[in-house]
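The structure appears below as structure tokens.
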Amino acid sequence: MTVLVTGGAGYIGSHICVELLEQGYQVIVADSLINSSEEAIERVEKITGKRIFFYQANLCHKQDVAEIFDEEDIDAVIHVAGHRSIAQSVIDPLEYYYNDIAGTLVLCNAMRKHNVRKMIFSSSAMVYGDLEVDDMPLREKSPCGKVSSPYGRIKVALEQMMRDIHHADPEWNIVLLRYFNAIGAHPSGLIGDYPKMTPNNLVPYIGEVAVGRQKSVGIFGDDYPTPDGTGIRDYIHVFDVAKGHVAALKLMEQEPAVRTYNLGTGHGYSVFDVIHTYEKVCGVPIPYEIRQKRPGDIAVLYADPSKAERELGWKAEKTLEEMCADSYRWKSNSNGYKF
Ligand code: UDP
């Protein structure tokens, strides 16, 4: 089976490629390299000893996408490409809406034209919006609260678009994977999270502090309605997220439908929990300071992942300590990628 991974040079995409190659799939990657490096592809090839067919392609450019579908025989698409910063989506919504919505439209049109109707879409826990602590853990059927950022609203819109596409043409087989907070890195230390700009996600930023590139972590708010006042998230190892995609691909043999799954661990950890765990595994203190809340942030978010376990036979395995240890190994052993 040949799988096109959009955004395959990025953080989550590169880990998905490792899993796919190790499970015997042929992998084609389309990536604009706007926020990623081709070196990640070389490293994936080094880890697996297998080859990836790489296209530098911007999904918003019809010609780029047409070229891939004209040349390759694609069976299924894992669509990970997209902007990733919730905070940045609040600052520059136009760029986020344009890039992520137009790119997905172009991709789906090319799939239709070439009769490829198997799609796994990277969605997000952000579609649940700002719910109350009592609403946790989140089930796929949980009512959505007030979605707090353009990033989340784009994911809601694209999920709905996928359902409409399936409704109009039931041959489309679609899996919507709602990621919780993916962190960690490949245990080899060869691939990991390496955004072009200074990271604004918690764990990559802690890593910068741990290796001395930043002085301290800013904690965005300590008066949330949580036990220690800081935001709670369901952190999941990127390796487990990647395995979730391979499990979802197996559903492509079943009757076409739109299926939705949470990819989370079911455990919520606060910002302090993560800082203290990271300190423990890396053995250096992580200084922090309390800052203002970040626009678009929400208090608590963690999954009920039992539907994925029941239907995909998938369960997250790695602990928070393993996530932090792998993240630290990547940060301390590597200088990241060349851009
Ligand atoms: N956070 C923080 N300092 C940072 C980055 C994040 O306190 O430098 C907090 C953020 O407010 C949230 C949690 O850490 O409660 C996870 O944020 P992240 O950006 O990693 O993921 P998000 O859940 O926003 O996608």
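The set of residues in the stretch 216-228 that are in contact with a helix residue (DSSP H, G or I) (Cβ under 7 Å, 6 or more places away or on another chain) and surrounded by fewer than 18 Cβ atoms within 10 Å (Cβ to Cβ) comprises Ser216, Pro225, Asp228.
What do you reckon, is Ala168 without any contact (Cβ under 8 Å) to a residue 60 or more places away in the chain, of a type outside the set (Asp, Glu) and away from the ligand (no atom under 16 Å from the Cβ)?
It is true that Ala168 is without any contact (Cβ under 8 Å) to a residue 60 or more places away in the chain, of a type outside the set (Asp, Glu) and away from the ligand (no atom under 16 Å from the Cβ).
If you filter the stretch 291-324 down to residues that are open to solvent by 30 Å² or more (accessible area, probe 1.4 Å) and in contact with a helix residue (DSSP H, G or I) (Cβ under 7 Å, 6 or more places away or on another chain), you find that the one that is nearest to the ligand (Cβ to nearest atom) is Arg294. Only residues that are within 10 Å of the ligand (Cβ to nearest atom) and either assigned to a helix (DSSP H, G or I) or surrounded by fewer than 17 Cβ atoms within 10 Å (Cβ to Cβ) (or both) were counted in the stretch 199-213, giving 8.
Could you please tell me which pairs satisfy a Cβ distance under 9 Å, a separation of 6+ or placement on different chains, a first residue in the stretch 288-307 that is on the phi > 0 side of the Ramachandran plot and touching a residue at least 40 places away in the same chain (Cβ under 8 Å), and a second residue that is in a loop (DSSP other than H, G, I, E, B) and open to solvent by less than 60 Å² (accessible area, probe 1.4 Å)? Every condition considered, the pairs that remain are Gly296/Ser148; Gly296/Ser149. Listed by position, the helices (runs of 4 or more DSSP H) contained in the stretch 80-130 that have at least 1 residues being at pLDDT 95 or above and of a type in the set (Val, Ile, Thr) are 103-113. Within the stretch 174-186, none of the residues are modelled with pLDDT under 95, assigned to a loop (DSSP other than H, G, I, E, B) and within 12 Å of the ligand (Cβ to nearest atom). Given the criteria within 20 Å of Ala40 (Cα to Cα), touching a Ser or Thr at 6+ places or on another chain (Cβ under 6 Å), within 16 Å of the ligand (Cβ to nearest atom) and at pLDDT 95 or above, does Gly192 qualify? Criteria not met by Gly192.
For the stretch 184-198, the set of residues classified as of a type outside the set (A, V, I, L, M) and open to solvent by less than 20 Å² (accessible area, probe 1.4 Å) consists of Gly184, Gly189, Gly192, Asp193, listed by residue number. Quick check on my filter: what residues within the stretch 80-107 are surrounded by fewer than 20 Cβ atoms within 10 Å (Cβ to Cβ) and among the acidic types (Asp, Glu)? Listed by number, the residues that qualify are Asp92, Glu95.
Out of the residues in the stretch 229-270 that are within 18 Å of Lys118 (Cβ to Cβ) and of a type in the set (Val, Ile, Thr), which is most open to solvent (accessible area, probe 1.4 Å)? It comes out as Val258. Scanning the stretch 108-128 for residues being within 14 Å of Asp70 (Cβ to Cβ) and open to solvent by less than 10 Å² (accessible area, probe 1.4 Å) gives a total of 2.
The values are calculated or read from the model by the stated rules, or taken from the named source; none is laboratory data. Quick caveat: nothing in here was measured; it's all calculated off a predicted structure. For neighbour counting, all protein chains shown are included, and Cβ atoms are generated from backbone atoms with ideal geometry for every residue, glycine included. For the accessible areas, the whole protein counts, side chains as well, though only heavy atoms, and no ligand, DNA or RNA atoms are used. Shrake-Rupley method; radii C 1.70, N 1.55, O 1.52, S 1.80 Å.
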